[in-house]
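Taking it in order: structure first as structure tokens, then the write-up.
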2 protein chains.
Amino acid sequence: MLASLPTTPAHAEASADARLLERAKGLFEPIPTAPPQLPGNVSTPEKVELGKMLFFEPRLSASWFISCNSCHNLATAGVDLQPASIGHGWNRGGRNAPTVLNSVFNFAQFWDGRAKDLMEQAQGPVQAAVEMNSKPADVVAFLNAVPEYGVRFSKVFPDDKEPVSFKNMARAIEVYEATLITPNARFDKFLRGDLAALTGREKTGLDLFMDKGCSACHNGINLGGNSYQPFGVMAKPGAEILPEGDPGRFQVTKTATDEYVFKVPTLRNIVLTPPYFHSGKVWDVEQAVAVMGSSQLGATLSGDEIAAIADFLDSLNGDMPKTDLPILPAIASGGPAPHLRPALPEMRPRE
Amino acid sequence: MLASLPTTPAHAEASADARLLERAKGLFEPIPTAPPQLPGNVSTPEKVELGKMLFFEPRLSASWFISCNSCHNLATAGVDLQPASIGHGWNRGGRNAPTVLNSVFNFAQFWDGRAKDLMEQAQGPVQAAVEMNSKPADVVAFLNAVPEYGVRFSKVFPDDKEPVSFKNMARAIEVYEATLITPNARFDKFLRGDLAALTGREKTGLDLFMDKGCSACHNGINLGGNSYQPFGVMAKPGAEILPEGDPGRFQVTKTATDEYVFKVPTLRNIVLTPPYFHSGKVWDVEQAVAVMGSSQLGATLSGDEIAAIADFLDSLNGDMPKTDLPILPAIASGGPAPHLRPALPEMRPRE
């Protein structure tokens with residue numbers, strides 16, 4: 001009896017955990033603890049600081065009221081918790097604002113991937129009529145009217161003939177946004193070998209996440225953000241969730257097979273970033289899991305399965321970046337021409 | 001010759017500086033380096049932290065888009081740099097948003113003094129239709145739906161039967177706002193005896209500021225914020241600056257002598273907080289000084305005098321509070337009833 005010990009339940013569990021870990025390591029990758037370097041856009045502390053200032057700078061918008069942080073609020077996991085963002089004139093954007101957190105790890109930006117990187121992305125909302133509604137020339141004129149920005153751009157881009165430019169604004173913002181990563185999620189600790197970092201329920205959820213096929217699209221470092229997929233591959237969700245008027249990536253490629261194709265969103269910090277999908281119409285994470293099951297996998301997940309997967313998603317919350325609010329510099333005395341002052345259109349709510 | 005030295009210019013200057021300091025000390029007071037204690041609202045680190053979270057909490061507004069910090073932006077000296085604030089539905093408030101910085105030292109709040117303290121003040125914008133447009137009951141329901149807020153309110157208000165309340169929200173915000181002070185302005189260093197803290201020009205400006213009569217109203221710790229005065233006591237400024245439709249404190253007291261009477265605003269950090277006056281129509285600090293000269297003092301100040309006074313105002317910029325952006329807690333899974341979700345009215349700009 002002493003010579004041949006039976007496999008105890010504890011042994012069995014440890015070995016099941018080890019197998020789960022091995023399987024997971026083949027599909028996922030932990031968030032690194034240091035921000036990645038960007039090809040062609042070297043990070044320096046001064047560039048990061050300038051980028052942070054610009055990220056929080058409402059005067060990049062026509063109204064002087066809206067900054068990057070308005071919709072990608074770092075106090076609320078890099079989102080605005082809106083179905084679609086409120087922007088200039090209280091207009092709403094067409095799609096749910098994706099989180100800026102870990103967005104550097106996405107293989108393209110926007111729901112339809114129309115920007116290849118964050119530098120390209122950052123130039124969009126500043127100009128979009130329903131977002132910040134500004135113009136590159138006005139942004140540059142504003143920046144040039146602020147002596148401290150002139151000094152900072154010159155230091156950060158010393159080799160440029162005109163350091164203050166719309167492109168350099170975007171370069172600095174990109175480098176800052178690359179620092180907005182959330183390492184040390186419990187799932188990442190698990191991936192690094194800490195088998196006790198997940199609860200039993202979460203391990204069950206992870207198992208289901210891979211068994212049911214969620215990880216076919218939600219994989220890699222961001223559990224998503226690395227492929228395009230048709231929304232409704234098995235069954236189309238209702239028009240509330242998948243509005244007919246938004247054909248997704250088709251708008252970019254004009255290719256029929258790209259109709260209703262979207263970038264797979266990251267699931268990092270997903271429970272903190274409702275509402276869900278590009279339409280932002282689903283508030284409850286369990287409902288979102290159920291919709292994914294039926295529309296993407298053709299599977300009716302049981303309530304228990306859904307709850308376990310949602311528990312696993314809880315383990316994807318990482319450490320939020322620490323943010324000292326920047327102090328934004330003043331416009332020079334005498335200031336810019338009045339057309340740079342907030343030109344507020346006469347807008348009133350429909351009664 | 002050696003026995004009786006003539007008074008050298010340096011001596012004369014030092015003695016003039018000392019006289020200037022003595023005169024100034026009779027009128028002004030430096031900002032303390034530590035926040036003041038509030039009568040009836042004890043400050044604790046936990047209450048300050050909770051107040052900070054609520055100050056940055058957009059979900060206190062009906063839209064979930066607007067927080068205290070939207071209009072009292074700590075990145076831009078506690079203001080929004082707008083003539084009048086943009087609020088719910090892109091409506092604009094009736095008056096320029098005063099800075100939250102050092103507001104604890106004002107003897108009453110709002111331009112018309114209708115709130116006796118910051119706790120009373122904080123309850124206004126949350127409910128104002130053109131600001132955050134919320135209701136106390138909705139705020140309380142939201143706070144109760146966030147487990148972490150429940151825990152924090154209970155810790156901060158342990159003796160309350162219902163720790164989560166609209167009043168306690170305001171109490172916490174008040175205690176946080178009392179920390180938003182800007183000590184160590186160069187003028188304060190001067191007041192504390194450092195005669196070299198001001199430049200010669202700034203000393204000339206300070207001298208004029210007292211000689212011309214500015215300090216008759218702009219005195220005390222906040223150089224203002226401690227009296228009501230009629231705007232246009234000597235000569236009414238144009239309707240652009242003093243719109244007829246806003247009779248100021250008259251709206252509060254219904255007393256004829258309070259027509260076009262306003263609280264004298266603080267001049268702390270004034271060069272960082274344009275545009276000026278309750279109407280927010282003047283962007284240039286020198287123009288604002290000129291308007292004050294003619295409307296309040298009946299004096300036509302020369303260009304040199306105005307410039308020197310503006311130079312003195314530059315010395316009123318203090319150390320900005322350091323702000324770690326709070327991480328706001330998530331709503332419990334299952335969440336509040338949908339009516340707490342952003343109920344966005346259908347609003348569109350007038351074409």
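Quick notes
- Fewest-first sequence of B:228, B:276 by Cβ atoms within 10 Å of each Cβ: B:228, B:276
- B:297, B:206, A:180 arranged by Cβ crowding within 10 Å, fewest neighbours leading: B:297, A:180, B:206
- Only lysines eight or more places from residue B:189 in sequence, or on another chain, were considered; those with a Cα closer than 18 Å are B:25, B:203.
- Copies compared at residue B:213 - label distances in nm, ascending, label defined 7 Å from Cα in the Cβ direction: 8.4
- Axis of helix B:200-211 versus longest Cα principal axis of chain B: the two differ by about 80°, to the nearest ten degrees.
- R0 of 60 Å, Cβ-Cβ distance residue A:37-residue B:14: FRET efficiency to nearest 0.05: 0.60
- Within straight-line cross-link reach of residue B:254, lysines at Cα separation under 18 Å, skipping those fewer than 8 residues along the same chain: B:116, B:263
- Relative contact order (percent, whole number), segment A:45-179, Cα cutoff 8 Å, 6+ residue spacing: 31
- Space enclosed by the convex hull of the alpha-carbon atoms of the protein assembly as shown, per residue, Å³: 238
- Acute angle (nearest 10 degrees) that the helix A:147-156 long axis makes with the longest principal axis of chain A, alpha-carbon atoms: 50
- Shown here for segment B:128-165: trypsin sites (Lys or Arg not before Pro) in loop regions (DSSP other than H, G, I, E, B) with at most 13 other Cβ atoms within 10 Å, namely B:161.
- Average Cα contact separation per residue, chain B, under 8 Å, 6 or more apart, as relative contact order %: 23
- Ascending distances from the residue B:251 label point to its copies in the other chains, with the point 7 Å along the Cα-to-beta-carbon line: 4.1 nm.
- Using alpha-carbon coordinates, inclination of helix B:9-25 to the longest axis of chain B, degrees: 40
- Greater than 27 Å apart at Cα, pairs in A:52/A:155; B:52/B:167; B:47/B:161; B:135/B:155; A:135/B:236; B:135/B:161: A:135/B:236
- Beta carbon of chain A nearest to the axis of the rotation taking A to B, residue and angstrom distance: A:90, 2
- Label point of residue B:158 (7 Å along Cα→beta-carbon): distances to the other copies' equivalent points are 5.6 nm, sorted ascending.
Laboratory data are not the source of any read-out in this text; all were calculated from the coordinates shown. Being a predicted model, the structure only gives us computed values, none of them experimental. No Cβ is skipped: glycine too gets one built from the backbone with ideal geometry, and neighbour counts run over all protein chains shown.
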